[in-house]
1. Looking only at segment 156-175, which residues are of a type in the set (A, V, I, L, M) and surrounded by 15 or more Cβ atoms within 10 Å (Cβ to Cβ)?
2. May I ask you to list the residues in segment 13-57 that are charged (D, E, K, R), within 19 Å of residue 134 (Cβ to Cβ), part of a loop (DSSP other than H, G, I, E, B) and touching a residue at least 60 places away in the same chain (Cβ under 8 Å)?
3. Could you please find all residues in segment 92-120 being within 17 Å of residue 49 (Cβ to Cβ), in contact (Cβ under 8 Å) with a residue 60 or more places away in the chain and not hydroxyl-bearing (Ser, Thr, Tyr)?
4. So residue 72 fits all but one of (1) outside any strand (DSSP E or B); (2) buried (at least 19 other Cβ atoms within 10 Å of the Cβ); what number is the exception?
5. For segment 166-176, state whether one or more residues are of a type in the set (Ser, Thr, Tyr) and in contact (Cβ under 8 Å) with a residue 60 or more places away in the chain.
6. Please work out which residue is nearest to residue 19 (Cα to Cα), limiting yourself to segment 83-106 and to residues that are part of a helix (DSSP H, G or I) and touching a Pro at 6+ places or on another chain (Cβ under 7 Å).
7. Is it true that some residue in segment 155-170 is of a type outside the set (Ser, Thr, Tyr), modelled with pLDDT of 95 or more, within 20 Å of residue 56 (Cβ to Cβ) and out of contact with any strand residue (DSSP E or B) (no Cβ under 9 Å at 6 or more places or on another chain)?
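The values are calculated or read from the model by the stated rules, or taken from the named source; none is laboratory data. Quick caveat, the model's predicted, so the values are computed rather than measured. Ideal geometry is used to build each Cβ from the backbone, glycine not excepted, and the neighbour counts take in all protein chains shown.
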Amino acid sequence: MSTEIAGPLPVFCAQLRPLVMKGTKRMTRRVVVPQPVNSDMFQFAPWKPGEIRYLREPLTRCTWHKDGAFADYADDRANVRRRDNPERYVRWRWQKSVLPSIFMPAEYARTFVRIESVRVERLQDITEEDARQEGCDYAPALTPIGSFMKLWDRLNAARGYPWSSNCWVWVLSWKLIDKPSDPTNKKPEE
């Protein structure tokens, strides 16, 4: 099986990234854009089963070190370590004090997944088990689907895709894997 990195997973909000990292969230739904007339119109999925993908995380500038500014993962403040020498930290090289997750360099990824399946369905076809795989098993007063509905609307309603639209979505599932031996072909940072 290939250990080549195909690219990043879709971007996740701060609430969901830890669930991906723990393996609690193992599935995501993404709006198909543009929306097709029927399911026969799907030809090219943006992901393929078997691909290795990584989770993008925001980085933040850490200035506590006597030798200057270094990078931390913003969600848990863990130090970003150099790939070629894990005993050394990554120096901060960006202009702003926070680097949004969408711009995180692949060589700093620490969470990797192997895509297991990709399919297309209507949003409201989600099952209770799928909602749990989406990481929506945490709201005690709601069913997993009820929790997913609230999360979906919070993230997508303002973009024109509320739960009630029952839009077509890509359904992407994965499993966590260990970090591949050389996730990029880039030379390590000096």
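1. Those that are of a type in the set (A, V, I, L, M) and surrounded by 15 or more Cβ atoms within 10 Å (Cβ to Cβ): 169, 171, 172.
2. 25, 26
3. Within segment 92-120, 112, 113, 114, 115, 116, 118, 120 meet the criteria.
4. (1)
5. For segment 166-176, residues of a type in the set (Ser, Thr, Tyr) and in contact (Cβ under 8 Å) with a residue 60 or more places away in the chain: present.
6. Only one residue fits best here, namely 101.
7. Checking segment 155-170: at least one residue is of a type outside the set (Ser, Thr, Tyr), modelled with pLDDT of 95 or more, within 20 Å of residue 56 (Cβ to Cβ) and out of contact with any strand residue (DSSP E or B) (no Cβ under 9 Å at 6 or more places or on another chain).
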